[in-house]
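Below is one structure, written out as structure tokens, with a few remarks after it.
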Amino acid sequence: MRCSQSLLKLDAAESFSGTVAGLSSSDSIDLANFLFSDNPTITKVTGTAAAGTTTNVTIMDGTQSLVLKLVKAIAGEFAVNASAYSLSADSTPIRARCSSSRRR
């Protein structure tokens with residue numbers, strides 16, 4: 001994904017074990033089979049600011065869980081705190097904010 005509005009749809013989100021690279025602030029990830037009925041939350045965000053590493057965002061919705069591994073192309077690209085990310089129901093998928101240096 002590059003900096004035009006892109007959507008990555010994960011039909012079986014809890015089974016996704018890959019990494020996500022090239023995510024920009026206007027891109028979204030649709031967790032298609034998360035029902036959002038159990039008040040989903042971002043329970044943990046881990047990683048470092050180093051380029052080439054991942055920021056791991058853990059999402060829980062009832063018994064469903066997922067760790068999104070966001071690959072940083074540049075240092076500090078993804079925040080390592082839950083408040084930098086948001087969840088919303090089907091009409092607007094999860095959004096991740098990139099650092100200002102990646103915005104176009």
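The values are calculated or read from the model by the stated rules, or taken from the named source; none is laboratory data. Just so we're clear, the structure is a prediction, and the values are computed from it rather than from any experiment. Cβ atoms come from the backbone with ideal geometry, glycine included; neighbour counts cover every protein chain shown.
Laid out as a table, the results:
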{"item": "Thr58 vs. criteria modelled with pLDDT under 90 and surrounded by fewer than 16 Cβ atoms within 10 Å (Cβ to Cβ)", "result": "no"}
{"item": "Number of positions in the range 72-104 that are among the hydrophobic types (A, V, I, L, M, F, W, C), buried (at least 17 other Cβ atoms within 10 Å of the Cβ) and modelled with pLDDT of 85 or more", "result": "4"}
{"item": "Selection within the range 1-54 - of a type in the set (Lys, Arg) and either closer than 18 Å to Val67 by Cα or touching a helix residue (DSSP H, G or I) at 6+ places or on another chain (Cβ under 6 Å) (or both)", "result": "Lys9, Lys44"}
